[in-house]
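The values are calculated or read from the model by the stated rules, or taken from the named source; none is laboratory data. None of these values were measured; they are calculated from a predicted model. Positions of Cβ are backbone-derived with ideal geometry, glycine not excepted, and every protein chain shown enters the neighbour counts.
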Amino acid sequence: MGAVKRRIPDWIKFQIPSGKTYHMVKDVISGLHLHAICMEARCPNIGECFRCGTATFLILGDICTRNCRYCSVKKGVPGAPDLTEPRRIAEAVRLLGLKYVVITSVTRDDLEDGGASVFAETIQEIKKDSGETRVEVLVPDFKNSLSLSLERVLGAHPDVVNHNIEVVRSHYTTLRPLGDYGESLKLIETVSLKGVPAKSGLMIGFGESMEEIHSTLGDLRSAGCSMVTIGQYLQSDPGGHQVKKFFTPEEFHEIRVYAEDLGFLSVQSGPMVRSSYHAGMMTDRLRAR
């Protein structure tokens, strides 16, 4: 007998993407032959973010070298990096008049520096064209070149460095077999020690306990992470891992309070929260603290 798919509860609501600004953002991205993680990962907030004139750009192609069981981004053997991509990203930021932009990538274990040099060039190109725009980078774990890669990224002076812990430690073997929980914490700690705001994100709903969620938040805070997002995992790919539990809004509130009590300076916790959700607002809140 096959597994029973859980019914999505009433408190999880999707907005149908629409509106003039939504289509403008989509047209700029497609017109410049760029990728947005909003579309590649089938983010449920794409309508809201695009209508606000914001997007999270995906660099280094749209094919990932990892095979995480919760992710709907394409997996396989990617092509060579497009050397014109950083310039086109900067042009999109300028055309859209973005004041805050998030740059992320697929994981590129095939590249010597994991794509860090492309991150750095993209940051530099954006700041050259749009000097007042703040740039957050959401980086992979740079498994094969952590020190070298972080040095290159930090040398371009991003405003925030985000690296998602993604899931609790006990689920790494099943969901992130090529990831390393300890190395992800090390990356966050290194960023924090360099004086750059460190951010991370956690998805829940895979069967983890509240104690495991608390433990993961404690590990992140001990590593110097100052901003964190916690959101509900939703199965967007038929072959992806099934949802084991839908956390209630009340439980997400409890998690937010717990994170704030640990000392996180900016927290987003809710069913529809994703790692780049309201990213500019989170950084504003950090600065205000």
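Descriptive notes on the structure:
- All positions within the stretch 152-183 that are in a helix (DSSP H, G or I), β-branched (Val, Ile, Thr) and farther than 21 Å from Asp113 by Cα: Thr173, Thr174
- Here Ser149 clears all of (1) closer than 30 Å to Phe206 by Cβ; (2) small (Gly, Ala, Ser); (3) free of Cβ contacts under 8 Å to residues at least 40 places away in the same chain; (4) part of a loop (DSSP other than H, G, I, E, B) except the condition numbered (4).
- Qualifying position, being among the β-branched types (Val, Ile, Thr), at pLDDT below 95 and under 28 Å from Leu58 (Cα atoms), among Val267, Val273: Val273
- Test for Leu262: is it modelled with pLDDT under 95 and either surrounded by fewer than 18 Cβ atoms within 10 Å (Cβ to Cβ) or within 25 Å of Thr190 (Cβ to Cβ) (or both): no
- Here Pro249 does not qualify as touching a residue at least 40 places away in the same chain (Cβ under 8 Å) and either within 18 Å of Val102 (Cα to Cα) or under 18 Å from the mean Cα position of the chain (by Cα) (or both).
- Exactly one residue among Ala80, Ala92 is over 20 Å from Glu166 (Cβ atoms) and surrounded by 17 or more Cβ atoms within 10 Å (Cβ to Cβ), and that residue is Ala92.
- The one condition in (1) under 17 Å from Arg69 (Cβ atoms); (2) in contact (Cβ under 8 Å) with a residue 12 or more places away in the chain that Gly239 fails to fulfil: (2)
- Those residues of the stretch 61-74 which are at pLDDT 90 or above and under 19 Å from Thr174 (Cα atoms), in sequence order: Cys64, Thr65, Arg66
- Residue count for the stretch 90-142, restricted to those that are within 15 Å of Arg66 (Cβ to Cβ), part of a strand (DSSP E or B) and in contact (Cβ under 8 Å) with a residue 60 or more places away in the chain: 2
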